[in-house]
Amino acid sequence: MTQVAPRRLDTFTLASEPGNERLALARVAGAVKDLGLDGRRLERLKTAVAEATMNAIEHGNRNHPEIPVEIEVTQDGDRIVVAISDQGGQQCPEPGDSPEEPDLDRKLDGGQSPRGWGLFLIRNMVDAMEVTTDGQRHTIWLTMRTGGAAHDERV
Amino acid sequence: MTSACEATTRVLPGTAVIELSGEVDGAAATVLTAAYERAVTEGPDTSTVVLDFAAVDYINSTGIALIVSVLARARAERRKVVASGLSPHYREIFDITRLSDFIELFPDLDRAVSQLTPPAA
């Protein structure tokens, strides 16, 4: 079987300013528009990209506009891989962003902050999520298969 | 390409409707809190608050946190919160986060209002 090399679809940087996650999701959506991702899965990928970019801006680069968030979109067979990198190194959660799994009952009773949904949403939106750290460079890798996945059967 | 959140509040018998538009994110906190405040101040007998998302084009995790805060306050005040006009994608997010266990979802505002308010005599 012939192996096809991964194909880079787009690479770009964004200033670390609140709101720029909207630019990221629009640009990634444009990069993958011809790959046959159905509308529902495209919306999921957009949400995951927005949340991961927001984390990179706020927690990774601490809202310093001069430190860019780097985003690369690659097609590898039937997989779309979006890598979102910041310079936050090994990140510690912000106060109020609980590292524990969000529990709505506890949030409603005041036992957990109302916040802390970002990583939970990302994990539930894409087929796979991986985080790597290389020195100060912190990258979240989002993978979505163009043909759908068992993941879809759950909801 | 971004649009700030705006809210219009209408008080009906027993029900208050908050029609949201734009983006429900961290910047929407003041707007959403003020809208809820208006809803319960202008309608002290309000037992149900409808959040209508038909004109909302973006909700992020901070926006979800705001909705959780509104829901927590409403529950503490023994009020019910329902939602209408969510796109299929955001309905899915309401399911994943379990918000839909606590917030009844209606396809559109007309159906929510007709079901929640008594028919005119």
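Any read-out appearing in this document is the output of simple, stated calculations on the displayed coordinates, not a laboratory observation. Just so we're clear, the structure is a prediction, and the values are computed from it rather than from any experiment. Here the Cβ is made from the backbone with ideal geometry for all residues, glycine too, and neighbour counts use every protein chain on show.
Key figures
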| read-out | value |
| --- | --- |
| Dipole-positive endmost among A:Thr53, A:Ala128, A:Gly36 within region A:7-150 (Cβ charges, Cα centre) | A:Gly36 |
| Under DSSP loop assignment and at most 16 Cβ neighbours within 10 Å, longest GluC sites (Glu not before Pro)-free interval of chain A | A:1-65 |
| Cα-based helix-to-principal-axis angle, A:21-31 vs chain A, degrees rounded to 10 | 10 degrees |
| Cα shape, region A:34-91, gyration tensor, a/c 1.5 rule | prolate |
| Candidates B:Ala83, B:Ala29, B:Ala16, ranked by Gaussian network fluctuation over chain B, Cα under 10 Å, top entry | B:Ala29 |
| Helix B:29-42 vs. chain B, principal-axis angle (Cα, 0 to 90°, nearest 10) | 0 degrees |
| Dipole magnitude of region B:11-121 about its Cα centre (Cβ charges: Lys, Arg +1; Asp, Glu -1), debye to nearest 20 | 400 debye |
| Residues B:Thr48, B:Thr9, sorted so that the one with the fewest Cβ neighbours within 10 Å comes first | B:Thr9, B:Thr48 |
| Separation in nanometres of the label points that stand 7 Å from Cα toward Cβ, at A:Arg123 and B:Leu12 | 3.9 nm |
| Cα gyration tensor category, rounded, prolate or oblate, for chain A with a/c compared to 1.5 | oblate |
| Contact order normalised by residue count of region A:4-107, Cα under 8 Å, 6+ apart, percent | 34 percent |
| Region B:7-81: relative contact order in percent, alpha carbon pairs under 8 Å with at least 6 residues between | 38 percent |
| Gyration tensor (alpha-carbon) shape descriptor, region B:6-111, a/c threshold 1.5 | rounded |
| Total charge dipole magnitude, the protein assembly as shown, about the Cα centre, Cβ charges on Lys, Arg, Asp, Glu only, Debye to nearest 20 | 280 debye |
